[in-house]
Each structure stands twice: as structure tokens, then as C-alpha cells.
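The values are calculated or read from the model by the stated rules, or taken from the named source; none is laboratory data. Predicted model, so just to flag it, every value in this text is computed and none were measured. Neighbour counts are summed over all protein chains in view; Cβ atoms, including those assigned to glycine, are modelled from backbone coordinates with ideal geometry.
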Amino acid sequence: MGMVDDFLEVSAVVKFFVLMAATGFLVYNGIVLTLFGGNLWLNIVCTLFWVVFVMSAFNAEDNMDGLAAGLALIASIFVFLLAWPTWQRWLSFLAVAIGGSCLGFLRYNRHPARIFMGDTGSFFLGFVLASTTVLGQWSEEPVKAIIMPLLILWVPLFDLTMITVLRWRAGKIKALHEILTLSDKDHLSHRLVALGLSQDRAVDLIYLMAILGGSAALAVQWLTLWACWTTVALCSTLAVLGTWWLDRATSHRLVSPEGSGSESGRPV
């Protein structure tokens, strides 16, 4: 679908149903979250939501040179660091393959980019990384097993959540389908540039944020459950405050898209 969209401009609603179908393929082959024990249908619904959310988030991160590929590289590194010590060899090999391909791609994709990812790459990376987080045995403790993938992928997930909330507050989203169809240049990367950073520095700062999240995921292995819940509460508070501050500091400086808002030539 991503390749078709890069040439023919597929609508967001069609994309959503194709993403659901791709996730259904995972479920059909037994790749399902096990958050709710024997409640298969609830696990299937959570799996559908998670995979579509991650794929959409990585597609949204394809808005600045080197951003989506760099975030996928960082995520794959931390998936490997968590999977290899626990003898999840095939998951480790998959993470190395993703990371290696992203590293090679980044040589030509950093600003000023000579090649572009487009929906073909961003949807694929989101799909594979979402699948690895479903497949991984992250911890025997359910709370940690949920927190660790969230921390590894927190930057794209936060960005997609932030723009959805802020667009709704601004009155840009008035119906559910507009979450899928509305495009604008108001992502985290655009807001950092609006604060005065260059495009390269904005992307590098987002890389650093992703590395901090992955490092926190590694640390969660050795934390008590109380410390895990404290970490969740602290991160949630920082996310809310960060969204509020970014909105106040940058909303008047953002420029609505008139042309290119993403690498592929379309705002997301």
C-alpha cells in the first residue's frame, strides 16, 4: 500500500483499513498481545490498536529528513539490547537487520536528503517494529512488559498523540475521520524548528529523546513495580506539561502547509 500511495495518493481512510488488514494478518498467524490472559478477543483488539498506532506514528514521523529512519534505528538497537540477553535470538537478528538497513539508508537520507523514505518505508518500519514488540518476551511481570515497548517507541507515539490532542483543542478535528485525513506542519520536529533550531539540530534532539527513552526501558528491568508506576506517572506528567508548553511557545510560529511537509512531499 505504501508504494501505491507514493505514486497515486491513497486516502487516509483507505490507508487505515489496509493497516487493519495487515494487523489482521498478524493476528491470523498467532502474533497477538497477551495482556489479558485468556481473553482472546480483548487481546486481539489491543493488538489491532497497537500495530495500527505504531504504523501511523512512524508514517507521521516521515516529516523531516532522517527522522523516521533514525528513530527506527534507535528503536531497533534497544530491541536488540533487550532481546539478546534473554536468548530471543530470532528477534535479535530481526532487530539487527532493521537497524543495519536504517543505518545504510541514513547516509543518504540526512539533511539535505538525496533519497526519501515515503510511505513505502515508514509503514514498513512501523509494521515490523510493532510486530517485534508484540513478539518479544520483555518481562515476566505484565507491568514491565507493557512499559518497556512504550519507552522504546515513546517519541513517535508521543508525537502522534500530541498533534491529535492539539488539533482537537484548536478545533481542527471535528469528526473522528479527520484524525486520519487532516494534515499539518505541527509535529514535534516542526515545533522545535519554530523555536529556532536548525532542521539538523531538531532531528538530533529528537534522537536524543529517543535514546533516553530506550535507556529508561533498559533500566526498567531492574526497577521494582512501585518504581515502575512512579516512572509512568512522572513520564505522563512530563508529556502533558511538554505538550502544553510546546503549544504555547510555538503555535503562533507554525506555518500551515502549502506544499511539502514531509519527505515524500505531503504533510502528515
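Glu140 versus (1) under 13 Å from the mean Cα position of the chain (by Cα); (2) among the acidic types (Asp, Glu); (3) modelled with pLDDT under 90: which is the lone unmet condition?
Exception for Glu140: condition (1).
How many of the residues in the range 37-55 are crowded, with 23+ Cβ neighbours inside 10 Å and of a type outside the set (Val, Ile, Thr)?
Keep residues of the range 37-55 that are crowded, with 23+ Cβ neighbours inside 10 Å, which gives 51, 54-55.
Add one more test, that the residue is of a type outside the set (Val, Ile, Thr), and what stays is 55.
Matching residues across the range 37-55 total 1.
Give the residue, chosen from Thr47, Thr34, Thr23, Thr120, that is at pLDDT 90 or above, among the β-branched types (Val, Ile, Thr) and touching a helix residue (DSSP H, G or I) at 6+ places or on another chain (Cβ under 9 Å). Break it down stepwise before answering.
Values: Thr34 fails: at pLDDT 90 or above; Thr23 fails: at pLDDT 90 or above; Thr120 fails: at pLDDT 90 or above.
Every option except Thr47 fails the conditions.
In the range 176-207, how many are in a loop (DSSP other than H, G, I, E, B), more than 20 Å from the chain's Cα centre (by Cα) and modelled with pLDDT of 85 or more?
4
For Val128, which of the numbered conditions (1) surrounded by 15 or more Cβ atoms within 10 Å (Cβ to Cβ); (2) touching a residue at least 40 places away in the same chain (Cβ under 8 Å) fails to hold?
(2) is the only condition that Val128 fails.
Restricting to the range 27-51, name every residue that is hydrophobic (A, V, I, L, M, F, W, C) and closer than 15 Å to Pro149 by Cβ.
Step one: of the range 27-51, the residues hydrophobic (A, V, I, L, M, F, W, C) are 27, 31-33, 35-36, 40-42, 44-46, 48-51.
The answer is Ile31, Val32, Leu33, Leu35, Cys46, Phe49, Trp50, Val51.
Where residues in the range 192-236 are under 25 Å from Arg253 (Cα atoms) and of a type in the set (S, T, N, Q), which of them is surrounded by the most Cβ atoms within 10 Å (Cβ to Cβ)?
Gln199
Among the listed residues Ser139, Ser122, Ser183, Ser189, identify the single one that is small (Gly, Ala, Ser), under 27 Å from Gly37 (Cβ atoms) and touching a residue at least 12 places away in the same chain (Cβ under 8 Å). If you could, list the steps in order and put the result at the bottom.
Details: Ser122 fails: under 27 Å from Gly37 (Cβ atoms); Ser183 fails: under 27 Å from Gly37 (Cβ atoms); Ser189 fails: under 27 Å from Gly37 (Cβ atoms).
After ruling out the rest, the residue left standing is Ser139.
Given the condition closer than 28 Å to Ile115 by Cα, modelled with pLDDT under 90 and touching a Leu at 6+ places or on another chain (Cβ under 9 Å), answer yes or no: does some residue in the range 208-231 qualify?
For the range 208-231, residues closer than 28 Å to Ile115 by Cα, modelled with pLDDT under 90 and touching a Leu at 6+ places or on another chain (Cβ under 9 Å): absent.
Going through the range 207-227 one residue at a time, which ones are more than 19 Å from Pro85 (Cβ to Cβ) and either of a type in the set (S, T, N, Q) or out of contact with any helix residue (DSSP H, G or I) (no Cβ under 7 Å at 6 or more places or on another chain) (or both)?
Across the range 207-227, the qualifying residues are Leu208, Leu212, Thr224, Trp226, Ala227.
Take the residues in the range 32-75 that are among the polar types (S, T, N, Q) and part of a loop (DSSP other than H, G, I, E, B), then tell me which one is nearest to the chain's Cα centre (by Cα). Steps first, answer last, please.
Taking the range 32-75 as the starting set, the residues that turn out to be among the polar types (S, T, N, Q) are 34, 39, 43, 47, 56, 59, 63.
With part of a loop (DSSP other than H, G, I, E, B) added as a condition, the list becomes 34, 39, 63.
Details: Thr34: 21, Asn39: 27, Asn63: 12 Å.
My answer is Asn63.
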